[in-house]
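Trainee: Encoded as structure tokens, here's the structure I'll be asking about.
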Protein chains: 2
Amino acid sequence: MDIDHAAKCLSELGNPTRLAIFRLLVRAGATGLTVGGIQKRLNVPASTLSHHISHLVWAGLIVQERDGRTLHCHTQPGVMDDLVGFLMDECCKGFDADSDASRAG
Amino acid sequence: MDIDHAAKCLSELGNPTRLAIFRLLVRAGATGLTVGGIQKRLNVPASTLSHHISHLVWAGLIVQERDGRTLHCHTQPGVMDDLVGFLMDECCKGFDADSDASRAG
DNA sequence: ACTATATTTCTAGAATTATCGAAATGGAAT
DNA sequence: ATTCCATTTCGATAATTCTAGAAATATAGT
């Protein structure tokens, strides 16, 4: 997880609809939800939903798997940990240390 | 930290320039950096930089404090922990549990 | 082939966001 | 008051993103 991938993930999760989708999927566990299942819960038009889902797939945050006519969506395990790891490790380490401006860079 | 504030923070951090600013500031520790110091490091025009900084301030991710003519910027302690906490707690708990679609909601 | 269901792609307009120069503001020094 | 420095606000333009209806695609059943 480098800064560009982190920015990509953060940006995608920054959209309220997409964050709601993502949260729904994480809570749905490994089985995930179908696109239609998400649509029923969030009540957004299919095309809009598909657009947002494709964003999340593109960012590597979720995965789709076809099962007959339905597409199951579930989170990509590990990506969230990687993102949080980036935020904590790459960004937030040593916040309490007596660092000064000359340390940055 | 509710889902709306989380989305706000994620959205602001999702911009590469803003994420770079934020990372710079976290690494600069409690002292932070001046706006000019950030500008020298990131080499973006002052007006553009100011625009992005005001976004980060608006989202509550960073704080500005005036010291004479210069404005020191530093991260808002705790917000990052809150955000990570939201992501892990609100989103990611029980990922390994044998939940199914009927569990969500 | 036809029908139905699930989902995506196409398309276009609306809304938002990014960029940056010019001008303005806030504060310190003479 | 004037000048200088640091930063913001203004304003205009370019680029991106959001939204959603219509059409298309994929799969399954008859």
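Trainee: For segment A:57-82, enumerate the residues that are hydroxyl-bearing (Ser, Thr, Tyr) and out of contact with any Ser or Thr (no Cβ under 8 Å at 6 or more places or on another chain). Give the steps one after another, and end with the answer.
Mentor: Of all residues in segment A:57-82, those hydroxyl-bearing (Ser, Thr, Tyr) come to A:70, A:75.
Listed by number, the list holds a single entry, A:Thr75.
Trainee: All but one of (1) in contact with a Ser or Thr (Cβ under 6 Å, 6 or more places away or on another chain); (2) modelled with pLDDT under 95; (3) of a type outside the set (S, T, N, Q) hold for B:His52; state the number of the condition that does not hold.
Mentor: (2) is the only condition that B:His52 fails.
Trainee: Further question: Would you point out which residue out of B:Leu33, B:Leu19, B:Leu13 is within 11 Å of DNA strand D (Cβ to nearest atom) and within 8 Å of chain A (Cβ to nearest Cβ)? Lay out the reasoning, then the answer.
Mentor: Details: B:Leu19 fails: within 11 Å of DNA strand D (Cβ to nearest atom); B:Leu13 fails: within 11 Å of DNA strand D (Cβ to nearest atom).
Residue meeting the stated conditions: B:Leu33.
Trainee: Mind checking which residues of segment A:82-105 are within 8 Å of another protein chain (Cβ to nearest Cβ) and at pLDDT 70 or above?
Mentor: Applying the first criterion (within 8 Å of another protein chain (Cβ to nearest Cβ)) to segment A:82-105 yields A:83-84, A:87-88, A:90-92, A:94-101, A:103-105.
If the condition is that a residue be within 8 Å of another protein chain (Cβ to nearest Cβ) and at pLDDT 70 or above, then A:Leu83, A:Val84, A:Leu87, A:Met88 are the ones that fit.
The values are calculated or read from the model by the stated rules, or taken from the named source; none is laboratory data. Remember, predicted model here, so these are calculated numbers, not experimental data. Note that we place each Cβ from the backbone using ideal geometry, even for glycine, and neighbour counts take in every protein chain shown.
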